[in-house]
Structures are given as structure tokens and as C-alpha cells.
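Derivation of every value follows stated rules applied to the coordinates shown; laboratory data play no part. A quick note: this is a predicted structure, and the numbers were derived from the prediction, not measured. FYI the Cβ positions are ideal-geometry reconstructions off the backbone, even for glycines, and counts take in every protein chain you see.
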């Protein structure tokens, strides 16, 4: 028994030192080279401070609407709804989102609605929209704000982020940055 306990205690001590000290300091050190020292990108607008890497709630028709959040945009705890795609409650929730979107965007066909406008992300805090999700809202926003659709489309193009190294991921748009730029557009 002694031949098993002492190596287990030693291994536990080594793991504690490594994971609580060395590994933590290594990750912290690498984060210091990231923008804003790994604390996320902070954006100030109209006297308010926002984190661009956390989803924000936009429901006003004059803005591009947010991706739904399973956690109510509360960054204290992220998570999905844990409801499967065949769950009746989940399907009813998605259908309600589709119906709401169609009411606020007349002339759009149900088949034109990208899934990211009616389904929450795995974290519930996704700050990005697909380019298609932004483009499907152009008519509503241009009409409400009295802007040319071409100007709103150009705003989408100028705020589109390309995949990492042109390979990893898809094109995306940070919704907070897009809506702040929209407010600045005259």
C-alpha cells in the first residue's frame, strides 16, 4: 500500500504545482501579447462601454437584430438551451422567432431567414452574425433610417471579417461594431 500512496501524493503535488502555477502563468503570459492583454476588446460608444467579444441584445427595428441568446446575454454564465432539435418546446421557440422576424421584415420569405437569426449559439453569447443574416435585414433598416440600401450594404461589406488566414471559419460580422457604425452613418 505504501508503494502506491507515496507516488500518488507526489503526482498530485506535481500536478498542483504545474496546473495552478506554471500553466496558469504561461497562459497569462501569452495573453499579454493579445489585444488589450487578453481582456477582450472594449468599445465605448455614447458614454457606454461594451465588450465586442460578448453578444449584445439589439431588438429595435432600426438596428440589425442580435442572434438569440439562451442565457439572456448574461456573460456571467454561458450555455446553450440543452434542448434537442426535435424537442417540441425548442421547435415552438424557433417558430416564434421566425414569426417575429417575418412581422418585422415584411417581404422576406421564411426560406430566406438564416438559421443564426432564429437559433442561439452553443455559448448563448455569440457576438457575430453571418453576412447573410445581416443582408436579409437591409431593407427594413434602410427604410426605417431613410438610407439607401446600397449604403447599408456597403456598411456590411466594410464590417465583414474574413476567415482566419482565409481558411478557418466563415465570413462573419461583429454585430456591436456594425450597429455602432450604423449609428454613425448619416
Open item on the list: Just to confirm the number: angle between the C-alpha axis of helix 88-104 and the first principal axis of the chain, 0 to 90 degrees, nearest 10?
Closed with: 40 degrees
Open item on the list: From the helices alone, meaning DSSP H stretches of at least four residues, give me the mean residue ellipticity at 222 nm for the chain, per-run term -39500 (n - 2.57), in deg cm²/dmol to the nearest 500.
Closed with: -12000 deg cm²/dmol
Task: Cβ-derived FRET efficiency at R0 45 Å, residue 161 paired with residue 10, nearest 0.05 - done: 0.40
- [ ] Classify region 68-136 as rounded, prolate or oblate, taking a ≥ b ≥ c as the square roots of the eigenvalues of its Cα gyration tensor: rounded when a/c is under 1.5, otherwise prolate if a/b is larger than b/c and oblate if not.
- [x] oblate
Open item on the list: What does the C-alpha gyration tensor say about the overall shape of region 78-186? Classify as rounded when a/c is under 1.5, otherwise prolate if a/b is larger than b/c, or oblate.
Closed with: oblate
- [ ] Pairs of Cα atoms under 8 Å, at least six residues apart: use those to get the relative contact order of region 1-101, whole percent.
- [x] 9 percent
Open item on the list: For a quick check: sort 168, 64 by the number of other beta carbons within 10 angstrom, fewest at the front.
Closed with: 168, 64
Open item on the list: So for each of 16-23, 90-97, 122-129 I average, over its residues, the number of other beta carbons within 10 Å; can you give me the resulting order with the highest mean first?
Closed with: 122-129, 90-97, 16-23
Task: Simple spin-label estimate for residue 183 and residue 2 in nanometres, 7 Å along Cα-Cβ - done: 7.1 nm
- [ ] Work out Dmax and Rg for region 1-82 from the C-alpha atoms and quote the Rg first, both in angstrom.
- [x] 21.4, 71
